[in-house]
Amino acid sequence: MPSLNTRWDIFCTVVDNYGDIGVTWRLARQLVAEHSLAVRLWVDDLRAFERICPEIDINAAQQWQQGVEVRHWPSEWLPIEAADVVIAAFACQLPSAYMDVMAEREKPPLWLNLDYLSAEDWVTGCHGLPSVKYKSVQKIFFFPGFRPGTGGLLRERGLLEQRRKFQRDAQAQRQFLQGLGVERAPNAQLISLFAYENAGLASWLDVLAAGATPTHLLVPEGRILGDVARWLGVESLAVGAIDVRQALTVQVLPFIRQDQYDHLLWCCDFNAVRGEDSFVRAQWAGRPMLWHIYQQDEDIHLDKLDAFLALYTKGLSPAAAHAMNGLWQAWSAGQPIGDQWLSARKHWPELQENAEAWCLEQGLQADLAAALVQFYLNWI
Ligand code: TRH
């Protein structure tokens, strides 16, 4: 890849939770680290950013983090030069003053809308298509995705090798977990749980508690904690809390930095994840997983769920695919999943192999940052 002497601006509005900033921060870092680009990341909510990157100074209008120039999206825009490539993440609306300076450039910038991740068929057809125009500047849809013909997934260089090395190193895993205050019993299955509120949780915890195999459930602070507390019969759960019910140990973890979260996923035998970014990271962990999809109006998220499941389970036997479908569909609908969990457990070795095979297959695609850079090179 030739070295590009270009400036990139990435705009992120934090709609809710951490996915918007999670994706844009990961992308910005990678464009700097692997493509030596000058990247400015404009963020409207530095508090959300601070949760995944504690070094963030929430009061700074401008700061540098890991080579990325982080700018607090100001309420009033001073004149500023537009970049060569402008990425509006998740269809966020750019400030009109910035759109004007884009249009004033002698050569208009490449203006991309980095869209939501979906496995649906239509994504391939829409990736790279023109969107709206502002004066002389054309916006273009850029879709991440799982299929050839999309923009691919965020994946840092060497990530899978790093992950495999870590998973082969029991000592490194022990040390990492100890750093979080986790002492894993040798025969316990380790599960991480990151999800939205979910009425189906109690049924899962019931079967884990009654199970023959001990389970150590690690729950980072967040929206599901209320359901966990209700099941345990406690008023609230603080970080560090450890509660044991029969075969199930529940431990509340602090919300950890983004790179540490990867290591947590790599340590676990099974990962429950949500939204967009943790969903992708669990796929790179190469372990069986469960996705709590982000709910959208008119249930359009259900089409996304079906589309992903069709791809992800295509290499499984019909019985294992049926079990996975049942588990994922029930979880995202907030229904009980105890029986579905037990069905999935019957196919465990197959689900483990499938998780690794899927990761390998996806790892063959160009990663999203490289695809963006290539898109720019083709465009100029
Ligand atoms: O937080 P999410 O639910 O985010 C989103 C947003 O709701 C967004 O608006 C919506 O568009 C999108 O989902 C689909 O889930 P996600 O995407 O997994 O983002 C969580 C981020 O937080 C991810 O980058 C991983 C990170 N994280 C940490 O850094 N530390 C932690 O301890 C945990 C649990 C997560």
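Just flag the GluC sites (Glu not before Pro) in the stretch 77-148 sitting in loop per DSSP whose Cβ has no more than 12 other Cβ atoms within 10 Å.
When the GluC sites (Glu not before Pro) of the stretch 77-148 are filtered for loop state and at most 12 Cβ neighbours within 10 Å, 81, 106 remain.
Hey, what D do you get for the stretch 240-380 in µm²/s if you plug the Kirkwood alpha-carbon radius into Stokes-Einstein at 10 °C and 1.306 mPa s?
Details: Rh = 16.9 Å.
Rounded, D is 94 µm²/s.
With only alpha-carbon atoms counted, please give the Rg and Dmax of the stretch 295-364, in Å.
For the stretch 295-364, the Cα-based Rg and Dmax read 12.7, 36 Å.
Using only Cα atoms, locate the centre of the stretch 89-136 and the centre of the stretch 288-322, then give the distance between them in Å, rounded to an integer.
28 Å
Along its principal axes, what span do the Cα atoms of the chain show, with the longest given first and each in whole Å?
69, 45, 42
Between the helical axis of 159-168 and the dominant principal axis of the chain, each derived from Cα atoms, what acute angle in degrees is found, rounded to the nearest 10?
With both axes taken from Cα atoms, the answer is about 20 degrees.
For the stretch 114-177, treating each Cα as an identical point scatterer without solvent, what Debye log10 I(q)/I(0) comes out at q = 0.14 1/Å?
Per q value, in the given order, log10 I(q)/I(0) is -0.60.
So, with a 1.4 angstrom probe, what is the percent of accessible area on the chain that is carbon and sulfur?
The nonpolar share, carbon plus sulfur, comes to 52 percent.
Once you order the gyration tensor axes a ≥ b ≥ c over the Cα atoms, which shape class does the stretch 62-213 get: rounded for a/c under 1.5, otherwise prolate or oblate by comparing a/b with b/c?
prolate
For the stretch 4-47, report the % of Cα-Cα distances exceeding 14 Å. Could the numbers behind the result be given before it?
Numbers: 431 of 946 pairs.
Roughly 46 percent, once rounded to a whole number.
The values are calculated or read from the model by the stated rules, or taken from the named source; none is laboratory data. Just so it is clear, the structure is predicted and the values come from calculations on it, not from any experiment. Methodologically, a virtual Cβ is constructed for each residue, glycine included, from the backbone with ideal geometry; neighbour enumeration extends over all protein chains shown. Keep in mind that these areas ignore ligands, DNA and RNA; they rest on the heavy atoms of the full protein, side chains included. Shrake-Rupley method; radii C 1.70, N 1.55, O 1.52, S 1.80 Å.
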